[in-house]
Amino acid sequence: MADKRNIPAVELVLQHLKNSSLPRPVLTQIVRRELENYRKLEKVPELSDILENLSGKAKEAQRRRFQPVINATGILLHTNLGRSPLSRSASQIVQEVAEGYCNLEFDLVSGQRGKRAGYVEELLAMLCEAEAATVVNNCAAALVLVLRHFTKEKPEVIISRGELVQIGGGFRIPEILEASGAKLKEVGTTNKTAVQDYARAITSATGLILKVHQSNFVMMGFVESASTSELAKIAREAKVPLVEDLGSGAICQTNVVKGLAQERTPQQCLGSGADLVCFSGDKLFGGPQAGIIAGKKSRVEEVSRNPLFRALRCDKLILSALQATAEAYLSNGACSSSNVLLWQMMQISVEELEQRARSIIEKVKNSKLQIQFATVISSMGGGTLPESEIPSAGLQISATQESLESIATKLRLRQPAIIGRIHEDKLLLDLRTVFPTQDAILIQALESI
Ligand SMILES: *Cc1c(COP(=O)(O)O)cnc(C)c1O
């Protein structure tokens, strides 16, 4: 056992850590735990080593706090980095609403209780060219709600085997279906499902027909799937709802951006006869995390009357951000993406990014790194548009004495953290996802590594 006299007092260590911004009880807990470990050692290290180790532990804990980071990966909807950034108008109203009270469920004209999110729902319906819309916490929640609701009495959901997909970590369509209490009725094969496959599967136990966007992969070659309008026809005849999970939620045409494929919009799906569509608020829509459900008025209304809806509804902060994002699409007359931050970032020209990259390189003085201009490829991420390749520009750092991993770690451990991407023996910093106001921080970081 270690000589206890060599273990410093908790107070002494806390004094040493007084510049940490972690709450004192959090620091105390870290210190107690570490000192406890030292007690078990044969030989207690020097005081200076103990203090240094504990400073390191405090810094590690500090980095686990939520904090802004600089995304230099070029992945616009990086799920691990919080998906879509919000437009200024959205973050402003979130802040105003957060710091005080708001008319969340209060009608300012009558002074009576009002409908929660009534105005936001109207905006969303307008954008989707739908009769009605509503919103829950995320697209997974929207899917669970819709499945639970329509399979209450008739348990079967008809879905193509080609659409039993896994979207991200821990989100598999068949598992969500089962967790919702629905009974899976798979039709067709992985690569081919015809409309007749669905038609043959319809029975008196069919609760709904579900079509799911494959999102993060594409199939090519000998493939066939039933179109929304074909499915809508048989769904109408059988009087079962047709629901389409779009996932990414592109309100505007994505192929206006160089390098992006065409994505079916909610408007197109509803126009082709789907009863309901659902999609994420924080993928291509460019808003906060939310699950938007749009379509036929009677269907939207019955879904939002389901008791489960109450457990999945959004709070005032999300609804505020969603309102600002929807208004941004409508602020240039018809539906336009030019005021939505995510879409602005998708459309920054390579020339502009190149100019910024060259200017950064020029300004970096006395760097030990080998930094060069690089043409790079940004991607959408977030499980959307898997083939997207948006031409972009940035910096490439080559290894000299130091390994790329070590340089990448140093960038990550700065405050704010800078997250790059290692590709073919280069550390790439793609400027498409870095805001111009962050260029100075990049310069400083590159100089001091
Ligand atoms: C991303 C995605 C989801 C999940 O959306 P969240 O908003 O993250 O819950 C569901 N379905 C599809 C097809 C998706 O692409």
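Since every read-out is calculated from the coordinates, none of them should be taken as a lab result. Model, not experiment: these values are computed from the prediction. Positions of Cβ are backbone-derived with ideal geometry, glycine not excepted, and every protein chain shown enters the neighbour counts.
Around TYR101, with a cut-off of 15 angstrom between Cβ atoms, what is the net charge of the other residues, counting Lys and Arg +1 and Asp and Glu -1?
Around TYR101, the surrounding residues sum to -2.
Taking +1 at the Cβ of each Lys and Arg and -1 at the Cβ of each Asp and Glu, which of VAL13, SER272, LEU322 sits farthest along the dipole of the chain towards its positive end, judged by Cα position relative to the Cα centre?
VAL13
If you take the C-alpha gyration tensor of the chain, multiply each eigenvalue by 5 and take the square root, what semi-axes do you get, largest first, in whole Å?
Here the semi-axes work out to 46, 28, 24 Å.
Only helices at least 27 Å long along their axis, Cα-based, and averaging -1.0 or more on Kyte-Doolittle count here, so list those DSSP H runs from the chain.
Membrane-span-like by this criterion, though nothing is claimed about a membrane: none.
Could you state the per residue volume, in Å³, of the convex hull enclosing the Cα atoms of region 250-372?
172 Å³
Order 280-288, 227-235 from most to least packed using the mean count of other Cβ atoms within 10 Å.
Packing proxy ranking, top to bottom: 280-288, 227-235.
As a test of the formula, what do you get for the chain when each DSSP H run with n ≥ 4 contributes -39,500 (n - 2.57) and the sum is divided by the residue count, at 222 nm and rounded to the nearest 500 deg cm²/dmol?
The helix-only estimate for the chain comes to -11500 deg cm²/dmol at 222 nm.
Using the reciprocal of the averaged 1/r over all distinct C-alpha pairs, how large is the Kirkwood radius of region 1-159 in Å?
22.0 Å
From the mean inverse distance of alpha carbon pairs (Kirkwood) and the Cα radius of gyration, derive Rg over Rh for region 404-449.
0.94
Using the Cα atoms of region 336-449 to build a convex hull, what is its mean projected area in square nanometres?
The directionally averaged projection comes out at 7.6 nm².
What net charge do the residues around GLY114 carry, taking every other residue with its C-beta under 11 Å from that of GLY114, with Lys and Arg at +1 and Asp and Glu at -1?
After counting each charged neighbour, the total is +1.
Under 13 Å from the Cα of LYS192, which aspartates and glutamates turn up, not counting those fewer than eight places away in the same chain?
Partners found: GLU163, GLU224.
Give me the Å³ per residue figure for the convex hull around the C-alpha atoms of region 96-209.
177 Å³
Identify all lysines with a Cα-Cα distance to LYS40 below 17 Å; exclude those on the same chain that are fewer than 8 residues away in sequence.
LYS4
Expressed as cubic angstrom per residue, what is the convex hull volume of the alpha carbon set of region 238-299?
Looking at region 238-299, the number lands at 86 Å³ per residue.
Using the structure shown, select from LYS115/LYS283; LYS154/LYS239; LYS57/LYS368; LYS363/LYS426 the pairs with a Cα to Cα distance greater than 24 angstrom.
Flagged as over cut-off: LYS115/LYS283; LYS57/LYS368.
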